[in-house]
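The values are calculated or read from the model by the stated rules, or taken from the named source; none is laboratory data. Just so you know, these numbers come straight off a predicted model, no measurement behind them. Ideal geometry is used to build each Cβ from the backbone, glycine not excepted, and the neighbour counts take in all protein chains shown.
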Amino acid sequence: MSELDSGHPDQDAQKLEAILGGIDRLPTLPSVATRLLSVSSEEDVDLDEIIHLIESDPAMSTTILRMCRTADKGLGDRITTVRRAVIMLGLETVQVAALSVHVFAQLQSDDHEGAFDYNGFWVHSLTVASGAEAIARAHPSLGVSPEEAYLGGLLHDLGKVALDLILPRAYERVLEMGSKKRCALCLIERSMLNIDHHTAGKRLAEHWGLPEAIRDAIWLNDQPPESVPNGPSKALVTLITLAESWSRDLHLGWCGDFGEPLDPHDIAMRLGIDPDFFKNNTAGVIESVAQRGEILGLGEHTNQNLLIESLTGANRRLAALNSELRAKATLSASTARVLDALDEFIESLSDDASPEQVFQSMVRSAAMLVGSERAAVIFQHSADSPWRSMLIDQGRVVQRPNRVDAPGNSEGAIRPADLSESGIVASLDLSELGWLRELFSSVREVGMPLLIGSSIDAGDSSPSYLIVMPRMGSGTDRVLSSGEFQRVRTLWTRSLVQSIAMEQSKRVGEELASANHAMTALRNELTSKESLVQLGRLAAGAAHEMNNPLSVILGRSQQLFERVGTKRERDISLAISDSAQQLSDLISSLRMIADPPKAQMQAGDPVLLVREAIEIARHRCHTQGIRARVHFKTDNSFIDPVTMDIPLLAQAVAEPIINAIQSEPGELVTVSIEPDPAFARLSIRISDQGRGFSEDSIRHAFDPFYSELPAGRRSGLGLSRARGLVELHRGEIELGNRPGGQGGLVIVHLPTTTHAASAA
């Protein structure tokens, strides 16, 4: 069978089918073995037929006679016939021996040179089999015969051999990956092959016609007892799992699995087995492995050799554990230093820290890692900004930022490749870095410095920085190469980004404030409609030039909002965005007044006009976080159409509705349409339940930039723009109060179609 490529999810099903098909094409057990298995399972066993089957297979006969000699050195030497051997060993033992011989013969690869250790594998399998047999014989209450336990243990990893035989190169990669990651082999198998050895072994057992209990033992072993489904096979499955865990402690043979095994003592206690059982029966298991290994032709495996192998494996494991513990202890110390550095940085940094203050906190934090409190900092805020340097000692800036030659361009430059993945250069040769030697000459007194930083060639708007410090603290290399240190370095960079963003935000805010002051001064000068028109014409002429920087300001403020972390910083970015949007709306209003849009007049339904105006008002108020309650009163009677441009006129009608909502948020605003046939017109009445209009408001409401709201809340152009649009439709707009002074009243008068036609 050809090797399968991995890593293509769309081919998973085809791969699985190919592997299962390969298993089905593996050689079947000889007919003698399958017939022996079938006959032995019958209720009325015919001993003569079994003896005849064994005698017909020379290899099987030889194995049975050898087992007699191994089992009893006295009597066994005098047994020369298969009949007497079967009577001596017992039918079940003979059955297991016969199957073992043929399974071993079918699944052996003498010319194999890959990672799969066949000899070691069968030694491991014999260890599990012998251990399972010993447990079953000593604890008959488990309900598992010793012969069944032995066979289940021998075949429990059947799938590993199957996968290696049909996919030798692919399975070699699986074994190599398992060794590298030190995790359970079945996880690697499922990841790379879409099938594990448990499933593959069950499929081969079915292909061979093995008993159901043996199939389940192959399929479900290595599972905690509580995870095994209740059924007739559970006792055997649990026993095989226990024997497998025990064998891993004995360190005999090779199983190819680097995952942590289950605790055999824990499983034993659940089954009511004395944990001392393993210690008392280890010698017997080793002797059984030696005897059966000889029978199967596995080479010289004496008791002494196996014992030495077990002790060597145990010592190797202890050495590995000691090494892991030392590494963990060292890592813990390094992690503690990193966490202390992290805490120091967080504690010393304020929310509104400047970039200079961030660098000071960086150095304080780094000092806890390397032991030196003196550092040279070389930085640039963005790819198009100049490189600057500063010296920090004992947490204080001893030399203010000065411009320097680019570290990546000067003679003896530090290149991006010089920085490791951790952002560290272990040492620097100051003799080749004149620009740095001049900045930090005292470094030579304490030895070779190290460098910490981000890429010096970021190529985007992110800041780049280099922190150069003397190497003083012990364990510096280990600390700085740890993954934990990257958390500190990442926090440094993010804090620096936020600080620079805050600085830019303040500068933009100051520019906007200056622009607002200038606009306010200009607004005060525009006291007449002609002045307003002139300003509108100026805005129309400058709109293109102003819209570009406004778009940049709006975009940058959105970027700031997405990148900064604190609420205060987000509020600042939102304030910038709101101010820029107000300025944009103001320009649009001025343009509309100076150059009113061309109306697309056509007869329209006033009811639809009012409904659209209400929707505009509700949407505008919603975006401002203002609750809008608007009631439209209409008796659905016929109302003469109006010649109008509905989108333009709806904006005009929406303005007084918005004013009414803003004057008393949450109070009900009522809109109604009243026909006025005497004047061939209709009236749209907008009333609220607020405090009404003052006399000053009634006189000046339509004046440009007039507003009773606090400065900065409204441009004061809404009603002025609305009157212009209404007059464009040959209408009028008037302000007043409801009878009795219970709220304000705005009336929009519009000519009906008949009046408009006659006027034309």
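Some points to look at:
- Some residue of the range 628-638 being part of a loop (DSSP other than H, G, I, E, B), surrounded by fewer than 15 Cβ atoms within 10 Å (Cβ to Cβ), at pLDDT 80 or above and assigned by TED's automatic domain parsing to the domain that holds Phe679: no
- Pair list, Cβ under 6 Å, 6 or more apart: the range 354-369 residue part of a helix (DSSP H, G or I), other residue of a type in the set (Phe, Trp, Tyr) and surrounded by 22 or more Cβ atoms within 10 Å (Cβ to Cβ): Met362/Trp492
- Counted residues, the range 176-188 - those being out of contact with any Lys or Arg (no Cβ under 9 Å at 6 or more places or on another chain) and assigned to a helix (DSSP H, G or I): 7
- Positions within the range 24-80 being surrounded by 13 or more Cβ atoms within 10 Å (Cβ to Cβ), modelled with pLDDT under 65, outside any loop (DSSP other than H, G, I, E, B) and over 60 Å from the mean Cα position of the chain (by Cα), in sequence order: Ala71, Gly76
- Boolean, Arg611 is at pLDDT 70 or above and among the basic types (Lys, Arg): yes
- Being at pLDDT 75 or above and assigned to a helix (DSSP H, G or I) holds for only one residue in Ala539, Ala518, Ala513, and it is Ala513.
- Glu569 being surrounded by fewer than 13 Cβ atoms within 10 Å (Cβ to Cβ), at pLDDT below 75, among the acidic types (Asp, Glu) and within 30 Å of Tyr465 (Cβ to Cβ): no
- Checklist (1) at pLDDT below 90; (2) within 24 Å of Ala134 (Cα to Cα) applied to Ile218, failing item: (1)
- Selection within the range 218-250 - closer than 17 Å to Phe277 by Cβ and either surrounded by fewer than 18 Cβ atoms within 10 Å (Cβ to Cβ) or of a type in the set (D, E, K, R) (or both): Pro225, Glu244, Arg248, Asp249
- Residue within the range 324-337 that is crowded, with 18+ Cβ neighbours inside 10 Å and modelled with pLDDT of 70 or more present: yes
- Criterion (of a type in the set (Val, Ile, Thr), in a helix (DSSP H, G or I) and modelled with pLDDT of 90 or more) met by exactly one of Ile195, Ile135: Ile135
- All positions within the range 344-401 that are of a type in the set (Phe, Trp, Tyr) and either surrounded by fewer than 18 Cβ atoms within 10 Å (Cβ to Cβ) or within 32 Å of the chain's Cα centre (by Cα) (or both): Phe345, Phe359, Phe379
- Selection over the range 602-615 of residues that are in a helix (DSSP H, G or I) and surrounded by fewer than 19 Cβ atoms within 10 Å (Cβ to Cβ) gives a count of 5.
- Applying the condition of being closer than 23 Å to Ala184 by Cβ and among the acidic types (Asp, Glu) to the range 241-283 and asking which residue is modelled with the highest pLDDT yields Glu244.
- Residue-level check: of (1) within 52 Å of the chain's Cα centre (by Cα); (2) buried (at least 20 other Cβ atoms within 10 Å of the Cβ); (3) modelled with pLDDT of 85 or more, Ala660 misses just (3).
Yes or no, residue by residue, for (1) in a helix (DSSP H, G or I); (2) crowded, with 20+ Cβ neighbours inside 10 Å; (3) modelled with pLDDT of 80 or more:
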| site | (1), (2), (3) |
| --- | --- |
| Arg699 | yes, no, no |
| Phe702 | no, no, no |
| Glu708 | no, no, no |
| Ala711 | no, no, no |
| Arg714 | no, no, no |
| Ser720 | yes, yes, no |
| Ala757 | yes, no, no |
